[in-house]
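Note sheet for the following structure.
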Amino acid sequence: MTKKLTYEELEQRNKELELINSEYKKIMLNNSCVPKDYNVSSCPYRDTNTYITEQIRTEEALRESERKYRLIADNAGDVIFTLDLNLNYTYVSPSVYKLRGLTQEELINRNIKETLTPKSMEMVLTLISEQLEIQKESNHDPVVIELEMISKDGKVLWTEVKASFLRNRDGNISGILGVTRNITERKRTEEKLRLTQYSINNIADSIFWIDRYANFLFVNSAACKNLGYSQEELLKMNIFDVDPVFDKEKLEDHWEKISKPGEFVVIETTHLTKDGRKIPVEVTSNLLEYEGKQYNIAVARDITIRKQSEAKQKELEATNRRLQKAESLSQMAGGIAHLFNNYLYVVTGNLELALEELSKESLIRENLFEALKAARRCADVSGSMLTYLGQIIVQRESIDITEFCRTNLPQLQLLVNKGITIDGNLTDNQFIVSANAGQMQQILNNLIINASESIGKNKGRIVLATKIMSAYDILQFNILPVDCKPSEDIYACIEVTDTGCGIPEKNIYKLFDPFFTTKFTGRGLGLAVVLGIVKTWGGMIGVRSEEGYGSSFMVFLPLSVKNTVQQSIEPAQKQQRNSCFTVLLVEDHEMVRNMTKTMLKRIGFEVITTVNGFEAIDMFKQHKDSICCLITDLSMPELDGWATLAEIKKINPDIPAILASGYDEAFAMSGDNKEKPHAFLHKPYSMTDLKRALEQALKG
């Protein structure tokens, strides 16, 4: 096979032929077959005619070849160039103008360094150095390199250069032949693809390409990270391996749904990680068709935080509902208690009057006496409701809860069913709180009775313990009141734990509602009373229970080393009883007003009755000289008992006064009211209570 000539070899051959042709023309002009000094023996062709013919043909072939090469180079879209060994341009095709805005004349003899970025120039020098070593003896395949070239306007273009060495007739490297192609758009596309791939791999959401049979064909890095598998492991798995909730029977239906044009399917499910954790996820699926094949593209988003937020929001809403319910219950219980007290007062008052009229031998006397006892028991229930509302305030003292519990253990044992033992887990330390001994006894009694009833007729155990708890530990329990948060660092704790039936979670916050019970009808104020007392003392109640495994009730009370005694009523100025016997009665409730009037008359007083504070003030102005005592209800519309008392005291500062209320005395007397009554009547009160109050007020 004939050896293929290089471009430089063709150029050299062309020059030789031009020289021969010149000599040939001289011969023809001199009409001589050969020149005078021509050495025929040195000519490769001995026959002149043959020689000339052959050279002409060769010259024409070379010129045709050059013409074709030039035509190709001048019209090629890519830029063809040659460089010498100093990397100066020796040739560049016209297409360079379209690529870089430079003409051939502007580039010839310029160094390539002027047209490349520094980084690309460094790459070129390194590559040439390597290739010179590799291609010392013979040319190898052209090398391809991507370079950043600078156009005439200063813009940087990405180009792909394919280059090889040029060699002279001696086989030595004499230059470089190259072809440059503009790949700027391709590089931009590649950059977008790389960015897209990077984004897909580094997005927080898991992305899966899934075939029709639920197998994973592609998973991104987030999917591997979130599920704890390597990419190789996941690509051997399917949907059902990571989503055990997904129903295999519904796979076809799911595929059909996402096959609808523009249709997206969004579901919430659970993904199972490699280490067994369950992650709530929201999966968005749609169908993608690529090169004739269909794929389910699924994007799974971890919604753990959202679920936690939703749970917190639900808990907040539940807390708000409980607060609203507690407020409504308080209003209702308060209204019922006060109304109840008023009517009870009428009942007990009339029963007392009837008993006074009856002889001791009367057959119905015993019946009326039992009715009176029942009415007074009802008054106790009303008092319990007021305690739940925190409207019963009593004097408080410093109590060591550990010693109090230890002292009362034997008595508490009497409250539980047979087969149930009460054990004390009481510390040796003193935990002093500000409390009332009577109410503390109520708390212990109600908690122990509740624990006993939880165990029922079974054998069981109740543990009464005292300890100290931090505010942080307290917050781990269900706390009541629901809006209460610890304000102290540590609290004294009385804990009652039982081995009973436990409490369903849905009922925990209902336990302290008045009259809520899972037992027989007619119960349900015990825990409500406990909450009311603890709330009054600035404490909280914690509950921990699991259905079937017993319960723990914890009373948290602020620690104290000082006695806290409710401020007593300031003594009114002493005054001598008047010779008048008229009482001014202020009561807005008609039946109570009539009952009190009857009692006062029975005792021996004249009575002026009024229905509100304004009327009372007017009547007092008219009869101030004959009125010896004021009895006023506390809760009245427009002008309450305190305001009525203050206005009447302006007229006569020494008037004896009695304040009546369904509230507990300490609660009713709390506040910064300047004028104080001489006596207090707690509804429902008896005729004896009324006499005692009148004696106290009139004696001063």
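Please pick out the residue among 425, 417, 429, 445 that is open to solvent by 70 Å² or more (accessible area, probe 1.4 Å), under 19 Å from residue 498 (Cβ atoms) and of a type outside the set (D, E, K, R).
It is 425.
Hey, any hits in region 358-365 for a residue that's polar (S, T, N, Q), out of contact with any Phe, Trp or Tyr (no Cβ under 8 Å at 6 or more places or on another chain), in a helix (DSSP H, G or I) and modelled with pLDDT of 75 or more? Spell out the reasoning first.
Looking only at region 358-365, we keep the residues that are polar (S, T, N, Q), and these are 359, 362.
Cutting the leftovers down to out of contact with any Phe, Trp or Tyr (no Cβ under 8 Å at 6 or more places or on another chain) gives us 359, 362.
Filter once more, keeping what is in a helix (DSSP H, G or I): none.
No: zero hits.
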Of all residues in region 515-556 being among the polar types (S, T, N, Q) and modelled with pLDDT under 70, the one that is farthest from residue 469 (Cα to Cα): 521
Of all residues making up region 469-504, the number that are more than 26 Å from the chain's Cα centre (by Cα), under 14 Å from residue 539 (Cβ atoms) and not charged (D, E, K, R): 6
Answer from 662, 641 - the residue that is touching a Lys or Arg at 6+ places or on another chain (Cβ under 9 Å), crowded, with 17+ Cβ neighbours inside 10 Å and closer than 22 Å to residue 597 by Cβ: 662
Number of positions in region 529-557 that are assigned to a helix (DSSP H, G or I) and surrounded by 23 or more Cβ atoms within 10 Å (Cβ to Cβ): 6
Where a residue in region 593-615 is buried (at least 16 other Cβ atoms within 10 Å of the Cβ) and its partner, wherever it lies, is aromatic (Phe, Trp, Tyr), with Cβ under 7 Å and at least six apart: 595/345; 605/581
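Can you list the strands (runs of 3 or more DSSP E) lying wholly within region 83-179 that have 1 or more residues being among the basic types (Lys, Arg), under 30 Å from residue 191 (Cβ atoms) and open to solvent by 30 Å² or more (accessible area, probe 1.4 Å)?
Details: elements: 89-92, 143-150, 156-167.
Because the criterion is at least 1 residues that are among the basic types (Lys, Arg), under 30 Å from residue 191 (Cβ atoms) and open to solvent by 30 Å² or more (accessible area, probe 1.4 Å), the strands (runs of 3 or more DSSP E) in region 83-179 that meet it are 156-167.
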Close pairs from region 232-253: first of a type outside the set (Asp, Glu), partner open to solvent by 100 Å² or more (accessible area, probe 1.4 Å), Cβ under 8 Å, at least 6 apart: 238/213; 240/248
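Go through region 479-499 and report how many residues are charged (D, E, K, R), over 15 Å from residue 443 (Cα atoms) and in a strand (DSSP E or B).
The number of residues fulfilling the criteria is 1.
Of everything in region 201-217 that's open to solvent by 50 Å² or more (accessible area, probe 1.4 Å) and under 27 Å from the mean Cα position of the chain (by Cα), which residue is farthest from residue 290 (Cα to Cα)?
Applying the first criterion (open to solvent by 50 Å² or more (accessible area, probe 1.4 Å)) to region 201-217 yields 202-204, 209, 212-213, 215, 217.
Pick out the ones that are also under 27 Å from the mean Cα position of the chain (by Cα) and you get 202-204.
On the way: 202: 23, 203: 22, 204: 25 Å.
Residue satisfying both the conditions and the ranking: 204.
Just checking: which of the strands (runs of 3 or more DSSP E) contained wholly in region 627-700 hold 1 or more residues that are touching a strand residue (DSSP E or B) at 6+ places or on another chain (Cβ under 7 Å) and farther than 29 Å from residue 351 by Cβ?
Details: elements: 627-633, 657-661, 679-682.
Result: 627-633.
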Residue match in region 497-514 (condition: modelled with pLDDT of 85 or more, among the charged types (D, E, K, R), crowded, with 18+ Cβ neighbours inside 10 Å and in contact with a helix residue (DSSP H, G or I) (Cβ under 7 Å, 6 or more places away or on another chain)): yes
Counted residues, region 627-676 - those being under 21 Å from residue 690 (Cβ atoms), over 49 Å from the mean Cα position of the chain (by Cα) and polar (S, T, N, Q): 2
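Residue-by-condition table, conditions (1) closer than 22 Å to residue 204 by Cα; (2) touching a helix residue (DSSP H, G or I) at 6+ places or on another chain (Cβ under 8 Å):
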| position | (1), (2) |
| --- | --- |
| 216 | yes, yes |
| 221 | yes, yes |
| 224 | yes, yes |
| 228 | yes, no |
| 231 | yes, yes |
| 238 | yes, no |
| 247 | no, no |
| 254 | no, no |
Scope region 448-493; condition at pLDDT below 85, among the hydrophobic types (A, V, I, L, M, F, W, C) and open to solvent by 40 Å² or more (accessible area, probe 1.4 Å); matching residues: 475
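What is the residue count in region 617-626 for residues that are open to solvent by less than 50 Å² (accessible area, probe 1.4 Å) and not in a helix (DSSP H, G or I)? Steps first, please.
Going through region 617-626, the residues open to solvent by less than 50 Å² (accessible area, probe 1.4 Å) turn out to be 617, 619-620, 626.
Checking which are not in a helix (DSSP H, G or I) leaves us with 626.
Residues that pass the stated criteria total 1.
The values are calculated or read from the model by the stated rules, or taken from the named source; none is laboratory data. Computed from a predicted structure; not experimentally measured. A quick note on method: Cβ atoms are made from the backbone with ideal geometry, for glycine too, and the neighbour counts reach across all protein chains shown. These area figures cover heavy atoms from the full protein model, side chains too; ligands, DNA and RNA do not enter into them. Shrake-Rupley method; radii C 1.70, N 1.55, O 1.52, S 1.80 Å.
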